[in-house]
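Visitor: Sharing a structure, written as structure tokens. Questions coming.
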């Protein structure tokens, strides 16, 4: 078991009721689960997202915590939250990392694997 390891998984959903395709506004919700697979308690301090739409336009988002929280996770604990993103195209991707600090002061990054934002039934 690694001392410092957060596993990140994501589930996405298109929000048709908040979107306006005629104005190139496509709204997605994403639910994130962060689990401490390491052997040391650690706190998520900040985030860095790279959001890319279908036209390869990139937006970067950096900030403290997630949805107003900087969760401290003991080994085996997990934290879940839901947030959202608005794209100007019906498809896009998101990826990034969380910057974390373990109880012993060690800093590490938890990679957020790339995931797809897409209208239902539009990918081949």
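Visitor: Checking residue 115 against (1) touching a residue at least 24 places away in the same chain (Cβ under 8 Å); (2) in a loop (DSSP other than H, G, I, E, B), which single condition isn't satisfied?
Guide: If we test residue 115 against (1) touching a residue at least 24 places away in the same chain (Cβ under 8 Å); (2) in a loop (DSSP other than H, G, I, E, B), just (2) comes out false.
Visitor: Could you tell me whether segment 68-79 includes any residue that is under 18 Å from residue 47 (Cα atoms), touching a residue at least 60 places away in the same chain (Cβ under 8 Å) and buried (at least 17 other Cβ atoms within 10 Å of the Cβ)?
Guide: Quick first cut of segment 68-79, residues under 18 Å from residue 47 (Cα atoms) only: 68-73, 78-79.
From the residues that got through so far, the ones that are touching a residue at least 60 places away in the same chain (Cβ under 8 Å) too are 73.
In the following step, the residues that additionally are buried (at least 17 other Cβ atoms within 10 Å of the Cβ) were identified as 73.
The answer is yes, given that some residue of segment 68-79 is under 18 Å from residue 47 (Cα atoms), touching a residue at least 60 places away in the same chain (Cβ under 8 Å) and buried (at least 17 other Cβ atoms within 10 Å of the Cβ).
Visitor: Which of the residues spanning segment 54-101 are assigned to a loop (DSSP other than H, G, I, E, B) and either modelled with pLDDT under 95 or within 17 Å of the chain's Cα centre (by Cα) (or both)?
Guide: In the first step, residues of segment 54-101 are kept if they are assigned to a loop (DSSP other than H, G, I, E, B); the result is 54-57, 65, 67-68, 70-71, 74-77, 88-90.
Result: 65, 67, 68, 70, 71.
Visitor: So, residue 104, is that one over 16 Å from the mean Cα position of the chain (by Cα) and over 26 Å from residue 1 (Cα atoms) or not? Don't jump to the end; show me each part of the working.
Guide: Values: over 16 Å from the mean Cα position of the chain (by Cα): yes; over 26 Å from residue 1 (Cα atoms): no.
Criteria not met by residue 104.
Visitor: How about segment 21-51: which of its residues are surrounded by 13 or more Cβ atoms within 10 Å (Cβ to Cβ) and without any contact (Cβ under 8 Å) to a residue 40 or more places away in the chain? First the steps, then the outcome.
Guide: Initial filter on segment 21-51 (surrounded by 13 or more Cβ atoms within 10 Å (Cβ to Cβ)): 24, 26-51.
Hits for segment 21-51 are 37, 39.
The values are calculated or read from the model by the stated rules, or taken from the named source; none is laboratory data. Keep in mind that what you see is a predicted model, and the values were worked out from it rather than measured. When we count neighbours, we look across all protein chains shown, and the Cβ atoms used for this are built from the backbone with ideal geometry, even at glycine.
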